[in-house]
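Visitor: My structure is below; once you've seen it, I'll send some questions.
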Amino acid sequence: QVRLVESGGGLVQPGGSLRLSCETSGNIFEIFTWAWYRRAPGKQRELVAAINSGGRTDTVDSVKGRFAISRENAKNTVYLQMNSLRVEDTAVYYCNMRPNLNYWGQGTQVTVSS
């Protein structure tokens, strides 16, 4: 089973920044597309950003220009740099493959509030 361990969340004021990390496991990390998802209170989990094996990235419109996904294959790690955070970015953030595995990690809570 691939390990999914998210970290880096916290409480930040609007306009602030956070960098999330996702440590995974396995020796085939580099061949898959990885993504960050989030679940806001009362809402369904949604895709935020994805990065394929070639490094091509894609972000949803609501975070475009503010969030950036990256990967470090040597460390089996995926990152999400989040800038200009807004209150509506408050959610639990998860990493997973895309399409996602049939299980999830514990996620990391991001709270944007003044």
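The values are calculated or read from the model by the stated rules, or taken from the named source; none is laboratory data. From a predicted model like this one, the values you see are computed outputs, not experimental measurements. Counting neighbours? That spans all protein chains shown, and the Cβs are built from the backbone with ideal geometry, glycine included. Heads up: the accessible areas ignore ligands, DNA and RNA and are worked out on the full protein's heavy atoms, side chains in. Shrake-Rupley method; radii C 1.70, N 1.55, O 1.52, S 1.80 Å.
Visitor: Answer with yes or no whether V112 is open to solvent by less than 20 Å² (accessible area, probe 1.4 Å), more than 14 Å from the chain's Cα centre (by Cα), over 20 Å from V5 (Cβ atoms) and modelled with pLDDT of 95 or more.
Guide: Spelling it out, V112 is indeed open to solvent by less than 20 Å² (accessible area, probe 1.4 Å), more than 14 Å from the chain's Cα centre (by Cα), over 20 Å from V5 (Cβ atoms) and modelled with pLDDT of 95 or more.
Visitor: Here's a follow-up. Residue by residue through the stretch 1-36, note down the ones that are aromatic (F, W, Y) and assigned to a strand (DSSP E or B).
Guide: W34, W36
Visitor: Let me ask something else. If a residue has to be more than 12 Å from the chain's Cα centre (by Cα) and surrounded by 12 or more Cβ atoms within 10 Å (Cβ to Cβ) to count, how many in the stretch 27-44 make the cut?
Guide: So the answer is 5.
Visitor: With the requirement that a residue be over 26 Å from F29 (Cβ atoms) and in contact (Cβ under 8 Å) with a residue 60 or more places away in the chain, what does the stretch 59-114 give you?
Guide: Result: S84, L85, R86, V87, T111, V112, S113, S114.
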